[in-house]
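A.B. asks: Got a structure for you, written out below as structure tokens; questions coming shortly.
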Amino acid sequence: MKETSLIRMSFSIEEELFNGLETLLREHGYSNRSEFIRDMIRKQLARRKCAQSREVIGTLSVLCDLSHSGTEAKLMQVLDHAVPRVLGSSRFAVDGNCSSTMITVCGIGGDIRALADNLRKLKGVLQTEFVITSPAACGREEK
């Protein structure tokens, strides 16, 4: 493992934010505030890399209303022609009227964001969420 030096910081926040932070730590199982802050910074840096048009690995979460006929077929058609490389997908029935599809993609961040926007525009798609992880965070060097 690579040796890193730690830098100590201090900052001030309102009591309400502090209480919210403590709740997040408990709910998400962080062992300390520093671990939580490091994780938040990593996530923001990954988003920044996406905005800088670098290659990223990401997941798209798509919630569909199945009462609109053909929604899932249209979803698959968009994925078949996607510029980012689709690494895999899983579909889950939420109930009789809804499904959730998780799609793992690899490509230029802007292209993945455009794919998410195209999926969001489909009739019957209720919600899309794009979460990125930089390949560098998985031990790969940046290109």
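A.B. asks: Report the extension gain between THR104 and LEU63 in nm, rounded to one decimal, defined as 0.36 nm multiplied by the number of residues separating them, less their alpha carbon distance.
C.D. replies: Full extension of this stretch gives 13.3 nm more.
A.B. asks: State to the nearest 20 debye the size of the charge dipole of the chain about its Cα centre, where the only charges are +1 on K and R beta carbons and -1 on D and E beta carbons.
C.D. replies: Dipole size: approximately 540 debye.
A.B. asks: Ok, one more. Got a sec? How would ASP80, ASP117 order by Cβ neighbour count within 10 Å, fewest to most?
C.D. replies: ASP80, ASP117
A.B. asks: Whole-Hz Karplus ³J(HN,Hα) for the stretch 8-25, in order, using 6.51 cos²θ - 1.76 cosθ + 1.60 and θ = phi - 60°, x for Gly and Pro?
C.D. replies: 3J(HN,Hα) across the stretch 8-25, in whole Hz: 8, 9, 9, 8, 10, 9, 5, 4, 4, 5, 4, 4, x, 4, 4, 5, 4, 4.
A.B. asks: Run through the stretch 10-46 and list the trypsin sites (Lys or Arg not before Pro) located in a DSSP loop whose Cβ has at most 15 other Cβ atoms within 10 Å. Write down the numbers at each step before the final one.
C.D. replies: On the way: sites: ARG26, ARG33, ARG38, ARG42, LYS43; in loops: none.
Of the trypsin sites (Lys or Arg not before Pro), not one in the loops of the stretch 10-46 has a Cβ with at most 15 other Cβ atoms within 10 Å.
A.B. asks: So what are the ³J(HN,Hα) numbers for the stretch 101-117, from phi and the Karplus equation (6.51, -1.76, 1.60; θ = phi - 60°), rounded to whole Hz, Gly and Pro as x?
C.D. replies: Computed from phi, the couplings for the stretch 101-117 are 10, 10, 10, 9, 10, 9, x, 5, x, x, 5, 5, 4, 5, 4, 4, 5 Hz.
A.B. asks: Once the convex hull of the C-alpha atoms of the chain is built, how many Å³ does it hold per residue, rounded to a whole number? Don't skip to the answer; put the middle values down first.
C.D. replies: Numbers: hull volume 23.4 nm³, N = 143.
Once divided by residue count, the hull of the chain is 164 Å³.
A.B. asks: At 10 °C and 1.306 mPa s, grab the translational diffusion coefficient of the stretch 1-76 from Stokes-Einstein with a Kirkwood Rh over Cα pairs, rounded to a whole number in µm² per second.
C.D. replies: 95
A.B. asks: Shifting gears a bit: Can you tell which of THR23, GLY58, GLY107 lies farthest toward the positive end of the dipole of the chain, using +1 and -1 charges on the Cβ of basic and acidic side chains (Lys, Arg; Asp, Glu)?
C.D. replies: Result: GLY107.
A.B. asks: Under the rule of -39500 (n - 2.57) per DSSP H run of 4 or more residues, summed and divided by the residues of the chain, what mean residue ellipticity at 222 nm is obtained, to the nearest 500 deg cm²/dmol?
C.D. replies: Values: 4 runs with 55 residues, N = 143.
The per-residue figure over the chain is -12500 deg cm²/dmol.
Every read-out reported here was derived from the displayed coordinates using simple, explicitly stated rules and does not represent laboratory data. Computed from a predicted structure; not experimentally measured. Heads up, the Cβs are rebuilt from the backbone with ideal geometry, glycines too, and the neighbour counts pull from every protein chain shown.
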